[in-house]
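Down below is the structure, laid out as C-alpha cells.
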Amino acid sequence: MSDDPVHGELDRLAGEASARVIAWRRHLHRHPELSNREAETARLVAGHLRSLGLDEVRTGIAGHGVVGVLRGAGGDGRVVALRADTDALPVRDLCGADFASTVVDEEYPGGPFPVSHACGHDCHTAMLMGAATVLAGVRDRLPGTVLFVFQPAEEGPPVTETGGALAMVDAGAFTDPVPTMAFGMHVTPHPKGYVGYRVGNQYGASVLVRITITGEQVHGSTPWQGVDPMPAAGAVLTGIGQLYRQVSAFDPVTVTIGHVEDVGRFNIVGQTVTLWGTIRCAEESDMDDVRQRLRRLAEHSAAAYGATAEVRYLQPVPPVHNTGPWVAAGLPTFRRVVGAERVTETGQTLGYDDVSELVRLFGGLYVILGVQDTVLGPGGTPVPEEGGRGLATNHNPHFYADDDTLVTGVRLHSHVAYDHLRGALLPAE
C-alpha cells in the first residue's frame, strides 16, 4: 500500500486505459513490421502521443524511432526514459489467436518472410502507449521529465543497415534532456503478473557472426576440378561443438549457426557457402576469446579442404546489467505494483536486448514481466499451469501473451517513472 495519492491515481488511469492498450496490442500483433521497417507502427505511436498534448513528439530517429517528451509541471528535475521496442520477427504466427498475423514481407532482404510479433514487442509498444496516457494525466504532479522511447530494430537491422538503441543514441535522441534513469521490461513465459529481476547480467553479450567459405565453382559431376566449400562448412558446424570445451564451463557460452546460405543448384559445386549465426556470452569478458577461437576454427577448417574462410562479427551488443543499488531501489516499487509474492529473482539467460546500451549509459533497470499460463517450478523456472495454454518461449511461432496482464506493464512503467522523478527510486550512494 502507499500513502501517496498519486500512486492510486496512476492505477485508476491505467485501469481506464486498459481496453485501449489491449486494442493497440491486437492491432500491432495483426500488423507486424520487421526491423527498420516499422513505419506504420511509428505512425500509430506518434499519432497517439500527439493526441496527448506532449511537449514534443520526435519522429524519424534512427529510422522509425519515436520519442515523446513530457515535462512535468513540477520543474525540470530528473529525467526517466521509458523504453519499448517495436519490431517483429521473420517467424510464422501460430499463437492461435483470432488476431494472429498473416503478414508476409516480400521485399525484406533475404525474404520473403512471414512476419509476427513472436517476441512480444507488440505488448511492449502498447504498454508504453498506455503509460504515456497515464502519465500525461498526472503531468501537473510530475516533478521532472519523462521520455517515451519507442525503439526500432531491437532484433537487429539488415546487415547492410544501421539501427537499434545505439543508433538512437548516436542520432542524439537522449541529449536534450539527458536521462537520469532508463527503464524497460520484456514479456516472457513466466507466470502472469510476475516481475522477475536479476542483480548482475540479466541478459548476455551478443554478436552476429557471418562466415563466408569460398571454394572454386565446378560442375557437380567433376568435383575434383574445383574446390567444394560445403565439406568445409560442415567441418565448421561440427567443430563448433568443441568450442565449449575450450572455455570455462562455469561461464555459459553458446555459438549458434541459424542460417546456411548457398548460391547454386543441385548439380553445381558452388563458389561460396555463408554461415550466419550468433555468439552469446554470459560474461562479456569471454567474448573476445570465443571470437578468436571461432575465427581460427573457420579459417583452419576451410584450409584443410583447400578453401578459404572470412569471418566477420557484426552488431555487437553488451549485456543487460542491473547493478545491486539500482535493483534495491526498484524493489519497493515492483512489490507495490504486483505484490511481494510476485516479485522473484530470475536466473541468468543468454538472450540479449540492446536496451543494455541505455542502461549502461544512463543507469536504470530492465526486468521481465510474466504473461503466460505457467507457475514457478523447482529452481524458480516457469512450467506449464494445469489446464492453461501451456508454455511457449519467445521467438517460438506459438508464443502468446495474456492481454489481461498488459495493464500491469502500464502500471509498472508509470510507478517507476513517478517514483524516480520524486526521488524515491534512486540507487544509494
Residue hits (segment 1-36; touching a residue at least 12 places away in the same chain (Cβ under 8 Å) and of a type in the set (A, V, I, L, M, F, W, C)) are Met1, Val6, Leu10, Leu13, Ala14, Ala17, Val21, Ile22, Trp24, Leu28, Leu34
Yes or no: His186 in contact with a Pro (Cβ under 7 Å, 6 or more places away or on another chain), at pLDDT 95 or above and either open to solvent by 10 Å² or more (accessible area, probe 1.4 Å) or in a loop (DSSP other than H, G, I, E, B) (or both)?
-> no
Provide a single number: the residues in segment 50-73 that are among the acidic types (Asp, Glu) and assigned to a loop (DSSP other than H, G, I, E, B).
-> 1
In segment 147-181, anything over 16 Å from Ala84 (Cβ atoms), under 15 Å from the mean Cα position of the chain (by Cα) and part of a loop (DSSP other than H, G, I, E, B) is listed as Gly156, Pro157
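Restricting attention to strands (runs of 3 or more DSSP E) lying wholly within segment 324-384, give those where 1 or more residues are open to solvent by 20 Å² or more (accessible area, probe 1.4 Å).
In segment 324-384, 343-345, 374-376, 382-384 are the strands (runs of 3 or more DSSP E) which contain 1 or more residues that are open to solvent by 20 Å² or more (accessible area, probe 1.4 Å).
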Qualifying positions in segment 269-313 - within 14 Å of Val253 (Cα to Cα), in a helix (DSSP H, G or I), among the charged types (D, E, K, R) and touching a strand residue (DSSP E or B) at 6+ places or on another chain (Cβ under 7 Å) | Glu284, Asp286, Arg291
Top-ranked residue in segment 210-234 [being of a type in the set (A, V, I, L, M) and touching a helix residue (DSSP H, G or I) at 6+ places or on another chain (Cβ under 7 Å); ranked as surrounded by the fewest Cβ atoms within 10 Å (Cβ to Cβ)] | Val218
Inspect segment 37-49 for any residue being free of Cβ contacts under 8 Å to residues at least 60 places away in the same chain, under 21 Å from Gln151 (Cβ atoms) and either part of a strand (DSSP E or B) or open to solvent by 60 Å² or more (accessible area, probe 1.4 Å) (or both) and give the result as yes or no.
-> yes
Say we look at segment 395-405 and pick out the residues that are open to solvent by less than 40 Å² (accessible area, probe 1.4 Å), in a loop (DSSP other than H, G, I, E, B) and not aliphatic (A, V, I, L, M); which of these is farthest from Ser18 (Cα to Cα)?
-> Phe399
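The values are calculated or read from the model by the stated rules, or taken from the named source; none is laboratory data. Given the structure is predicted, the values throughout are model-derived calculations rather than measurements. Glycine gets a Cβ as well: all are built from the backbone with ideal geometry, and neighbour counts include every protein chain shown. SASA here: full protein model, heavy atoms, side chains in, ligands and nucleic acids out. Shrake-Rupley method; radii C 1.70, N 1.55, O 1.52, S 1.80 Å.
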